[in-house]
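Trainee: Just passing along the structure, written as structure tokens.
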Amino acid sequence: MTEMRIERKQKGFTLGELIASVGIAAMVLSFGVPSLVDFQRNAIMTSSVNSMISGINLARVEALKRQLPVTLCGSPDPDAAEPVCGPGGGSGFIVFVDDNDNGVPDESTDGNAMVDANEVVVLQSSGRDETIELFGNGGAYIAFGADGYLVTTAAGQEVSSSTVILYCDDRGNVDVGGRSAARVVNTAITGRPQVLRDVVDVQIAVAATGGDCPG
């Protein structure tokens, strides 16, 4: 009986094909990784800005509801048991009822954009992201009157409420997908906040705040 032999060809990649495949994969990753990094940084920026928008809206609503002055201010340690207003907290802030609630009107402490004795803190937002810098066109506070309108300058303060807040990371004011990597929060005299993302709007905010956000 004749013995039949069937030759089987082994299938696989040659060394040249393997090198080419690795090169293509590396090229695809070189495009994908920066996009993923930008996506993550945009998400962090959006979260930080949305936190501020929520804080401003809450301060305005509380002022209307309580018929008392309410202030949002930057805080060096917003998560503290007894937080205070001041610089050094990054994007952290607090919202508090700016009235000492002792039944006695006190022009020296009521509506002064400082946390005084017996004043209720209604929100503490850590906002701890060191990659983002904030710049305002006034003091590190936004004050609201009992009517829900923005208070131009809090009692006893030498600087006014910040109506423009610029958010910027080390990317600066660069175009990312048709919008700026930076953000601007504008608060109207009516107390309503708005987020701006166009490169031109950021340039205007840089001029208004003196912020370091190169384009």
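The values are calculated or read from the model by the stated rules, or taken from the named source; none is laboratory data. Keep in mind that this is a model prediction, so the values were computed, not measured. Positions of Cβ are backbone-derived with ideal geometry, glycine not excepted, and every protein chain shown enters the neighbour counts. Ligands, DNA and RNA are stripped out before the accessible areas are found, and what is left, the full protein with its side chains, is counted by its heavy atoms. Shrake-Rupley method; radii C 1.70, N 1.55, O 1.52, S 1.80 Å.
Trainee: Could you tell me which residue of region 178-215 is most open to solvent (accessible area, probe 1.4 Å), considering only residues that are on the phi > 0 side of the Ramachandran plot and in contact (Cβ under 8 Å) with a residue 40 or more places away in the chain?
Mentor: Taking the candidates together, the pick is GLY210.
Trainee: When you scan region 158-177, how many residues do you find that are touching a Leu at 6+ places or on another chain (Cβ under 9 Å), within 16 Å of ASP38 (Cα to Cα) and in contact (Cβ under 8 Å) with a residue 60 or more places away in the chain?
Mentor: Residues that pass the stated criteria total 1.
Trainee: Could you check, for region 50-70, whether at least one of its residues is at pLDDT 60 or above, open to solvent by less than 40 Å² (accessible area, probe 1.4 Å) and outside any helix (DSSP H, G or I)?
Mentor: Within region 50-70, one or more residues are at pLDDT 60 or above, open to solvent by less than 40 Å² (accessible area, probe 1.4 Å) and outside any helix (DSSP H, G or I).
Trainee: If LEU36 meets every condition in (1) at pLDDT 75 or above; (2) more than 30 Å from PHE144 (Cα to Cα); (3) assigned to a loop (DSSP other than H, G, I, E, B); (4) not basic (Lys, Arg) apart from one, which number is that one?
Mentor: Failed condition: (3).
Trainee: Residues being open to solvent by 40 Å² or more (accessible area, probe 1.4 Å) and among the aliphatic types (A, V, I, L, M): count how many of those fall in region 135-173.
Mentor: 3
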